[in-house]
Structure formats: structure tokens, C-alpha cells
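S.K.: Okay, here's the structure, questions in a sec.
The values are calculated or read from the model by the stated rules, or taken from the named source; none is laboratory data. Just so we're clear, the structure is a prediction, and the values are computed from it rather than from any experiment. Don't worry about glycine lacking a Cβ; one is built from the backbone with ideal geometry, like all the others, and counts go over all protein chains shown.
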Amino acid sequence: MIEALLTLDVKLFYLINGARSQVLDKLLPLFSDKNFLYGLYITLFFIALFLLFKIKKITLKRSLVLIIFFILGFGMADFSCGKVLKPLFQRERPFATLPKVYFYTEDRFRYVETPLTYKKTLSFPSCHATNAGFGSSFLSFLSPPLSPLFILSALLVGYSRIYLGHHFPLDVLFGYLLGFIIALFLNPLLKGLQVIKDLSKFES
């Protein structure tokens with residue numbers, strides 16, 4: 001079962017990584033850039049916060065608590081992914097294990113005929129996808145009407161990790177799941193602290 005799943009994972013990787021486009025070659029590296037990623041989610045967060053403030057008249061104190069929880073969630077995502085799960089699973093990246101991979105490094109794409117075995121970096125789960133999964137889920141809980149925008153941003157981040165040859169699809173999917181679980185864990189705490197109350201007015 002696991003072997004069949006991993007085989008499918010590799011096939012999906014080649015399908016995505018091998019589907020080249022000049023537009024995607026220029027666009028997707030942005031969604032793998034950590035500075036861009038954090039900037040994107042900070043911008044989306046303040047858009048959601050502005051709408052909350054405008055529609056629900058959220059107080060400054062509650063806004064500060066939301067900011068703290070937003071930062072805390074990203075910290076939990078990075079720590080659980082990079083410090084706990086990656087060392088636990090020890091899965092290497094596609095460019096280090098597979099031949100014929102398009103690999104983005106040093107601001108350009110390389111076509112790797114043979115695995116770059118000298119690059120020992122871990123792959124499972126994707127921390128980019130974990131952060132994107134948390135960010136999009138957390139923001140969707142805050143601002144349901146904008147959830148399609150948040151989900152689209154997460155999908156672009158995850159797709160970019162495969163397209164750039166840095167992750168397998170399962171790395172990304174598990175990262176999404178981990179990020180969602182972290183957001184799901186924090187959401188009741190926010191409600192318990194009465195930071196988020198009834199969203200029915202916001203949703204209407």
C-alpha cells in the first residue's frame with residue numbers, strides 16, 4: 001500500500017515538474033520565496049483584519065491578540081515541520097533522489113540528469129506548504145468570504161514547490177494538512193478568549 005502510494009507520488013511529481021511553461025517559470029519562483037510568502041500572508045491578514053474591524057467593529061485589543069496568534073501559528077508550523085517531522089521521516093528531496101528533474105536554484109532552472117546526491121536536504125513535509133496551509137486556513141476562519149483567495153494562494157505555493165523540483169506532492173499535501181490542523185487548534189482558543197465570536201454577520 002505504502003509502496004504503491006509512493007510510486008504514484010513520483011508519477012505525479014514528474015507530471016507536474018515536467019509540464020513546463022515560460023509564464024510559470026517566471027511566476028512560481030515568487031511563491032517559493034520566503035520573503036514573498038510572508039509578505040503575502042501579512043498583507044492578506046491585514047485585509048481580513050480590516051474587514052473584521054469594519055464589519056464587526058473588532059477592538060484594538062482583540063486585533064493585537066489575533067496578530068499574536070497569527071505569528072504563533074507560523075512559529076508552530078515552522079517548528080513542527082522543520083524541527084520535528086523532517087528529522088523524523090528523513091525523506092530526501094526529488095532533485096537528490098530522482099533523475100531528469102527540473103530544479104530551481106540560484107535564480108534559475110537546471111535540468112538535472114542524475115540525482116544531486118551531494119545535496120542532503122530533507123523533504124517531508126513541505127514547510128512552505130505547512131505555512132501556506134496554516135495561513136490560508138487561519139485567514140479563512142477569520143474571513144470566510146475571502147477563503148477562495150486564501151486557498152488559491154496556498155495552492156500556488158504548494159504547486160510551486162513541486163514545479164521547482166524541491167518537493168513531492170505528498171510532501172505538499174501533508175504540509176497543507178499539518179497547517180490546517182494548527183489553525184484548527186488555534187481557532188477554538190480564539191473563540192474561548194472571545195476574540196472571535198459569532199461570524200454570522202460577517203458571513204452575510
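S.K.: Can you say whether residue 82 is over 14 Å from residue 129 (Cβ atoms) and within 17 Å of the chain's Cα centre (by Cα), as far as the supplied structure shows? Spell out the reasoning first.
M.R.: Values: over 14 Å from residue 129 (Cβ atoms): no; within 17 Å of the chain's Cα centre (by Cα): yes.
Taking the combined requirement at face value, the residue does not satisfy it.
S.K.: May I ask you to say which residue of 93, 110, 161 is in contact (Cβ under 8 Å) with a residue 12 or more places away in the chain, touching a strand residue (DSSP E or B) at 6+ places or on another chain (Cβ under 8 Å), of a type in the set (Lys, Arg) and at negative phi?
M.R.: Working: 110 fails: in contact (Cβ under 8 Å) with a residue 12 or more places away in the chain; 161 fails: touching a strand residue (DSSP E or B) at 6+ places or on another chain (Cβ under 8 Å).
Being in contact (Cβ under 8 Å) with a residue 12 or more places away in the chain, touching a strand residue (DSSP E or B) at 6+ places or on another chain (Cβ under 8 Å), of a type in the set (Lys, Arg) and at negative phi holds for just one of 93, 110, 161, which is 93.
S.K.: Among the residues of segment 82-124, write down those that are under 17 Å from residue 31 (Cβ atoms) and surrounded by 14 or more Cβ atoms within 10 Å (Cβ to Cβ).
M.R.: Going residue by residue through segment 82-124, those that are under 17 Å from residue 31 (Cβ atoms) are 102-105, 107-109.
102, 103, 104, 105, 109, listed by residue number.
S.K.: What single numbered condition from (1) more than 17 Å from residue 160 (Cβ to Cβ); (2) touching a residue at least 12 places away in the same chain (Cβ under 8 Å) fails to hold for residue 41?
M.R.: (1)
S.K.: Another question, then. Select the helices (runs of 4 or more DSSP H) contained entirely in segment 38-108, then report the ones holding at least 1 residues which are of a type in the set (D, E, K, R) and within 22 Å of residue 179 (Cβ to Cβ).
M.R.: On the way: elements: 60-78, 86-89, 94-97.
Where helices (runs of 4 or more DSSP H) fall fully within segment 38-108 and carry at least 1 residues being of a type in the set (D, E, K, R) and within 22 Å of residue 179 (Cβ to Cβ), they are 60-78, 86-89.
S.K.: Which condition from (1) touching a residue at least 12 places away in the same chain (Cβ under 8 Å); (2) in a helix (DSSP H, G or I) is the one that residue 26 breaks?
M.R.: (1)
S.K.: Then there is this: Among the residues of segment 33-71, how many are small (Gly, Ala, Ser) and surrounded by fewer than 15 Cβ atoms within 10 Å (Cβ to Cβ)? If you could, list the steps in order and put the result at the bottom.
M.R.: First, the residues of segment 33-71 that are small (Gly, Ala, Ser): 39, 48, 63.
Subsequent filtering for residues that are surrounded by fewer than 15 Cβ atoms within 10 Å (Cβ to Cβ) retains 39.
The total comes to 1.
S.K.: I need the full set of residues from segment 124-176 which are touching a Gly at 6+ places or on another chain (Cβ under 7 Å) and of a type in the set (Val, Ile, Thr), in order please.
M.R.: Within segment 124-176, 130, 172 qualify.
S.K.: For residues that are within 18 Å of residue 71 (Cβ to Cβ) and modelled with pLDDT under 90, scanning just segment 173-194, find the one that is surrounded by the fewest Cβ atoms within 10 Å (Cβ to Cβ).
M.R.: This residue is 193.
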